[in-house]
């Protein structure tokens, strides 16, 4: 019995020592928020012209506490499509989770808006690209999720990182 208990304790300690390393990997990289958003805007085949909006306008369409955000860049369409890019750097991982919730709320609001206005846009909203990694949240509504994934992999491979994690049972296209 003591032998089994000792073995279990040793396995537990090894796991506990490894977990902080996993968390560290998620938060030890930096992302240029502006460059990331601009890369997506320039390389993804959007139907509409996307325009950057001010921090004040971002606050209107994304229900995010300003204290949770270090930096943000959002491009929106003219309104003829649901296409959008939003890249956020949060103050910490917990804030990134709150931002992720707000981003899903924005997607839900857009579904409601486009349901009767331009229902042809609903497939994009039903399957948005959303990725959260450490302090970073990236949304791209384009209908070209594989191309978004490819471009972000290129961007992150330059830094030796890959984005990860999706949850909330929503569509997710991780790396």
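Of the peptides 31-42, 139-150, how do they stack up when ordered by the mean number of other Cβ atoms within 10 Å, highest first?
Descending mean neighbour count gives 139-150, 31-42.
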Square roots of 5 times each gyration tensor eigenvalue, C-alpha, region 35-133, largest first, Å: 22, 16, 12
From the Cα centre of region 71-90 to that of region 99-148, the distance in Å is 10 Å
Between residue 66 and residue 51, what is the spin-label point distance in nm, taking each point 7 Å from the Cα along the Cα→C-beta axis? 2.3 nm
With a point put 7 Å past each Cα toward its Cβ, work out how far residue 113 is from residue 91 in nm, to one decimal. 2.7 nm
Determine the gain in length on full extension of the stretch residue 78-residue 122; use 0.36 nm per residue of separation and subtract their C-alpha separation, reporting nm with one decimal. 14.2 nm
Highest average packing first - 97-109, 48-60, Cβ atoms within 10 Å: 97-109, 48-60
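Here, each number is a calculation from the coordinates, and none is a lab measurement. Keep in mind the model is a prediction, meaning the values are calculated, not measured. Quick reminder, even Gly has a Cβ in these numbers, built from the backbone with ideal geometry, and neighbours come from all protein chains shown.
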